[in-house]
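What follows is a short report on a single structure.
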Amino acid sequence: MPEIRSIGIIGAGQMGNGIAHVSALAGLPVAMVDISRPALDKALATIARNMERQIGRKLITPEQRDEALERITTSTDLASFGTTDFVIEAATEKEEVKREVFKALCPHLKPEAMLASNTSSISITRLAAVTDRPERFIGMHFMNPVPVMKLVEVIRGIATDEPTYRAVEALARKLGKMTATAQDFPAFIVNRILVPMINEAVYALYEGVGDIRSIDTAMKLGANHPMGPLELADFIGLDTCLSVMQVLYDGLSDSKYRPCPLLVKYVEAGWLGRKTGKGFYDYSQDPPAPTR
Ligand code: NAI
């Protein structure tokens, strides 16, 4: 089984910076690439801030933080992955974006390098097919926030070979994560179940069954969920939630997956949740206030 000794990350958003954080703390050199230089700078600042919080909780030492931060390099050029063992893509949840990224990436890789996507829902088999190495392509789906959440969902594309699967399972363990293996069907396991629940909560709001606070309180106290579904949607990003619903709707052709028109409207307004400061809640207020 090939051992993964270095990691490349494409996309320095909330997931990319989390993957960089846990990889660097696990001792792996990390090369992070984004099309946006400000996104890379923001990611480095976020990682440093989150590590500071871990120091405060005595989870890591200042020395571990300093060493980890030194392992992370950033660039806007895919050519920086020339010697990397494993590249994981965590760019925007749009299939065209990911396909273009993988096509542009392959010529820069060493022949034995393995590839993964952190996609929440897009077919691993279809993404693998645009690369020159579908047998060394896999889904490695981290949960948000990456440093906190224990699970990595590992998705086997139709062509994924056994050594790649085993190498990625071993990598997940090295990063301190547990794995659950999913076959490659739309949205895999976690989001196949979670995101329709969120979409249903948006329908409940849309149809006036309850207001934002009532829906979140009902699910927190009535179902023992740590976050309400609308609060969680803001945390995930409403654009990501909508993309997952669209993938389920297109891929399974069942009207039960129809994205709620209100979710579409929020995304069209640019109210994407925490990352834009406004979603079902307005984060410029303290505490955040419902937007409806
Ligand atoms: P985000 O919007 O925070 O970050 C995406 C980043 O990708 C941005 O910095 C953007 O500049 C960059 N990007 C866009 N096009 C690019 C390109 N062509 N080359 C390089 N970088 C590019 O998104 P987030 O939330 O980090 O999601 C990333 C991926 O992770 C998506 O596939 C999403 O479905 C998945 N995911 C998201 C979770 C969540 O809770 N937000 C949970 C698990 C997976």
**Prompt:** Pick from the range 98-121 the residues that are more than 21 Å from SER36 (Cβ to Cβ) and open to solvent by less than 50 Å² (accessible area, probe 1.4 Å): which of them is farthest from the ligand (Cβ to nearest atom)?
**Reply:** LYS110
**Boolean, GLY270 is touching a helix residue (DSSP H, G or I) at 6+ places or on another chain (Cβ under 9 Å) and either in contact (Cβ under 8 Å) with a residue 12 or more places away in the chain or open to solvent by 50 Å² or more (accessible area, probe 1.4 Å) (or both)** = no
**Asked** Could we say that ILE47 is within 16 Å of the ligand (Cβ to nearest atom) and in contact (Cβ under 8 Å) with a residue 40 or more places away in the chain here?
**Response** no
**Message:** So for the range 169-190 (the condition being outside any loop (DSSP other than H, G, I, E, B), among the hydroxyl-bearing types (Ser, Thr, Tyr) and either touching a strand residue (DSSP E or B) at 6+ places or on another chain (Cβ under 6 Å) or within 16 Å of the ligand (Cβ to nearest atom) (or both)), does at least one residue qualify?
**Reply:** yes
**Prompt:** Does ALA128 meet the test of being of a type in the set (A, V, I, L, M), more than 20 Å from ILE19 (Cα to Cα) and crowded, with 23+ Cβ neighbours inside 10 Å?
**Reply:** yes
**Message:** Every residue in the range 196-227 that is over 30 Å from THR160 (Cβ atoms), β-branched (Val, Ile, Thr), without any contact (Cβ under 8 Å) to a residue 60 or more places away in the chain and open to solvent by less than 40 Å² (accessible area, probe 1.4 Å), please.
**Reply:** ILE215
**Qualifying strands (runs of 3 or more DSSP E) (wholly inside the range 1-97; at least 1 residues being open to solvent by 40 Å² or more (accessible area, probe 1.4 Å) and touching a helix residue (DSSP H, G or I) at 6+ places or on another chain (Cβ under 9 Å))** = 72-75
**Message:** I'd like the full set of residues that are in contact with a helix residue (DSSP H, G or I) (Cβ under 7 Å, 6 or more places away or on another chain) and open to solvent by less than 30 Å² (accessible area, probe 1.4 Å), limited to the range 148-169.
**Reply:** VAL152, GLU153, VAL154, ILE155, GLY157, THR160, THR164
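Let's see how each residue does on (1) farther than 26 Å from ILE19 by Cα; (2) surrounded by 22 or more Cβ atoms within 10 Å (Cβ to Cβ); (3) free of Cβ contacts under 8 Å to residues at least 60 places away in the same chain:
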| position | (1), (2), (3) |
| --- | --- |
| LEU171 | no, yes, no |
| LYS174 | no, no, no |
| THR181 | no, no, yes |
| ILE189 | no, no, yes |
| LEU194 | no, no, yes |
| PRO229 | no, yes, yes |
| ALA233 | no, yes, yes |
| ILE236 | no, yes, no |
**Residues being touching a strand residue (DSSP E or B) at 6+ places or on another chain (Cβ under 9 Å) and either over 20 Å from ALA204 (Cβ atoms) or of a type in the set (Val, Ile, Thr) (or both) - total across the range 261-277** = 3
**Complete:** Counting only residues that are aromatic (Phe, Trp, Tyr) and either surrounded by fewer than 20 Cβ atoms within 10 Å (Cβ to Cβ) or touching a His at 6+ places or on another chain (Cβ under 9 Å) (or both), the range 239-267 contains a total of 1
**Fill in**
Selection from the range 79-105 of residues among the aliphatic types (A, V, I, L, M), touching a residue at least 40 places away in the same chain (Cβ under 8 Å) and more than 17 Å from ASN17 (Cα to Cα) yields VAL101, LEU105
**Residue, nearest to the ligand (Cβ to nearest atom), within the range 135-147, restricted to residues that are open to solvent by 40 Å² or more (accessible area, probe 1.4 Å) and not in a loop (DSSP other than H, G, I, E, B)** = ARG136
**Request:** Those residues that are more than 11 Å from the ligand (Cβ to nearest atom) and touching a residue at least 40 places away in the same chain (Cβ under 8 Å), I need them from the range 122-134; list them, please.
**Result:** SER123, ILE124, THR125
**Request:** Being more than 17 Å from VAL190 (Cβ to Cβ) and either within 16 Å of the ligand (Cβ to nearest atom) or aliphatic (A, V, I, L, M) (or both) is the filter here, so list the residues in the range 220-241 that pass it.
**Result:** LEU221, GLY228, LEU230, GLU231, ASP234, LEU238, ASP239
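The values are calculated or read from the model by the stated rules, or taken from the named source; none is laboratory data. Note that the structure is a prediction, hence the values are computed from the model and not measured. Methodologically, a virtual Cβ is constructed for each residue, glycine included, from the backbone with ideal geometry; neighbour enumeration extends over all protein chains shown. In case anyone asks, the SASA skips ligands and DNA or RNA and just uses the protein heavy atoms, side chains included. Shrake-Rupley method; radii C 1.70, N 1.55, O 1.52, S 1.80 Å.
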